[in-house]
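What follows is a set of notes on a single structure, which appears directly below.
The values are calculated or read from the model by the stated rules, or taken from the named source; none is laboratory data. Model, not experiment: these values are computed from the prediction. Ideal geometry is used to build each Cβ from the backbone, glycine not excepted, and the neighbour counts take in all protein chains shown.
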Amino acid sequence: MFTLRKVFLALSVVMFFNACSSSSSDDNGTDGKDAYDRGELLLNLADNIIVPAFLDLNTKLKTLKTDKDNFIATPNQTNLETLRGSWLAAYKVWQSVEMFNIGKAESMLYGFQMNVYPTSVQEVETNIANGTYDLTHPNNNDAVGFPAVDYLLYGVAADEASIVAKYTDAKYQTYLSDVIDQMQNLTEIVLNDWTTSYRDAFVKETGNTGTSSVNKIVNDYNFYYESRLRAAKIAIPIGHFSNTPLPEKIEAFYNQEVSKILIQDALNAVQDFFNGKAYKGSSKGESFYSYLVYLERDDIATLINSRFNDARTRIDVVDANFYSQINTDNSKMTMIYDALQLAVVSLKSDMMAVFQVSLDEGYQDNDGD
């Protein structure tokens, strides 16, 4: 049945694609007239942050596949806990990757295949019952990826013994296997694109036009922060866009104890990227921060880090379980939103103006800056 929810999901896919696409190819008039070496910036981002993060995610997903195979072969509590640990390890790395909606990830709508939440229990269960499905179809975007695995490992039954018992059923085994295998396969496609061809194309596009790499990555970075980190992780669940809170829309709803961990990792990744910090390392290279300093806007560079730090402080003091926190004292969650929103202003209005980077077509919000 073609429901309104399906229409909304389809429109969301189109809006996300448009907002993150590079459809605007018009020169914004500057053509990179400042003398900053954008090539060094792109080299650092690609070689020390983006590719290493995708490599790590692919490794974590391969481990997830292995642990899934072991669990399916021998469904017991020990193997379930091992599989859950691998899921969380991969999900944490995903927080460092989701912002890179560029290249193959953009064209194949990778993010929608990996992390649309909340997952649709109805669609997951319908797919399992039918035994036939196309997991790549947009209608299944909310029945795959990390949120679907969250449900399959934590929410598919009322207690631990019953969850394990579900996986004596071949249909549940197959669906769990297919979803995890797809996640790793898609990630490998994106990673291979970076390591075989896209990396070179990315680093050589040093100009200042709508299709150049710096302009696209700045837009993608800001869009991710505003729409996926600020809005999806916080604003929507706390009810900022609705009349009432919607705590059931938190990330990792079925393992609620990790909702805080995931946003902490996401914010750390965003700030490390801004500062050009190597993935899983301590060294720093050219970055948005150093670009601002070069343009003698140390004030904006410092303010952005300060606002990231303030948001982190507000996140650190709330309950690990966002579902519980929203239901018991949502005011602390709204303070997180307020802190995150201040950084949107600095990134989207101030930083982009200094870089003379225009917003991609479709990248507009309706809640104000």
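Filter the helices (runs of 4 or more DSSP H) completely within region 182-301 down to those with at least 2 residues that are under 22 Å from R312 (Cα atoms).
On the way: elements: 199-204, 213-223, 259-274, 288-294.
By residue number, 213-223, 259-274, 288-294.
Given the criteria among the hydroxyl-bearing types (S, T, Y) and either crowded, with 23+ Cβ neighbours inside 10 Å or modelled with pLDDT under 95 (or both), does T126 qualify?
Working: among the hydroxyl-bearing types (S, T, Y): yes; either crowded, with 23+ Cβ neighbours inside 10 Å or modelled with pLDDT under 95 (or both): no.
When the stated conditions are applied, T126 does not pass them.
Just checking, which of Q113, Q173, Q122 is more than 22 Å from the chain's Cα centre (by Cα) and closer than 25 Å to A231 by Cα?
Of the residues listed, the single one that is more than 22 Å from the chain's Cα centre (by Cα) and closer than 25 Å to A231 by Cα is Q122.
Would you mind stating whether Y323 is closer than 26 Å to D47 by Cβ and at pLDDT 95 or above? Steps first, please.
Numbers: closer than 26 Å to D47 by Cβ: no; at pLDDT 95 or above: yes.
When the stated conditions are applied, Y323 does not pass them.
Look through S283, S287, S358 and report the one residue that is in contact with a helix residue (DSSP H, G or I) (Cβ under 7 Å, 6 or more places away or on another chain), over 23 Å from K233 (Cα atoms) and among the hydroxyl-bearing types (S, T, Y). Show your work before the answer.
Numbers: S283 fails: in contact with a helix residue (DSSP H, G or I) (Cβ under 7 Å, 6 or more places away or on another chain); S358 fails: in contact with a helix residue (DSSP H, G or I) (Cβ under 7 Å, 6 or more places away or on another chain).
Step by step, each of S283, S287, S358 is checked, and only S287 is in contact with a helix residue (DSSP H, G or I) (Cβ under 7 Å, 6 or more places away or on another chain), over 23 Å from K233 (Cα atoms) and among the hydroxyl-bearing types (S, T, Y).
Take the conditions surrounded by fewer than 18 Cβ atoms within 10 Å (Cβ to Cβ), of a type outside the set (V, I, T) and free of Cβ contacts under 8 Å to residues at least 24 places away in the same chain and apply them to S324. Does it pass?
no
Please go through region 144-201 and pick out each residue that is touching a residue at least 40 places away in the same chain (Cβ under 8 Å), under 28 Å from F54 (Cα atoms) and acidic (D, E).
The answer is D150, D178, D181, E188, D193.
Looking only at region 290-329, count how many residues are within 30 Å of Q356 (Cβ to Cβ), touching a helix residue (DSSP H, G or I) at 6+ places or on another chain (Cβ under 8 Å) and of a type in the set (D, E).
So the answer is 2.
Can you confirm whether G29 is modelled with pLDDT of 95 or more and either surrounded by 13 or more Cβ atoms within 10 Å (Cβ to Cβ) or not hydroxyl-bearing (S, T, Y) (or both)? Walk me through how you get there before you give the answer.
Numbers: modelled with pLDDT of 95 or more: no; either surrounded by 13 or more Cβ atoms within 10 Å (Cβ to Cβ) or not hydroxyl-bearing (S, T, Y) (or both): yes.
So G29 does not fit the description; no.
Cβ-Cβ distance below 9 Å, separation of 6 or more or different chains: which pairs start in region 333-344 with a residue that is without any contact (Cβ under 8 Å) to a residue 40 or more places away in the chain and hydroxyl-bearing (S, T, Y) and end on one that is part of a helix (DSSP H, G or I) and surrounded by fewer than 24 Cβ atoms within 10 Å (Cβ to Cβ)?
none
Within region 232-283, restricting attention to residues that are under 20 Å from N305 (Cα atoms) and among the small types (G, A, S), which residue is surrounded by the most Cβ atoms within 10 Å (Cβ to Cβ)?
Checking each candidate, the answer is A269.
In region 72-93, which residues are outside any loop (DSSP other than H, G, I, E, B) and either over 24 Å from the mean Cα position of the chain (by Cα) or hydroxyl-bearing (S, T, Y) (or both)? Write out each step before concluding.
Residues of region 72-93 outside any loop (DSSP other than H, G, I, E, B): 72-73, 77-93.
Selection gives I72, A73, Q77, T78, N79, L80, E81, T82, S86, Y91.
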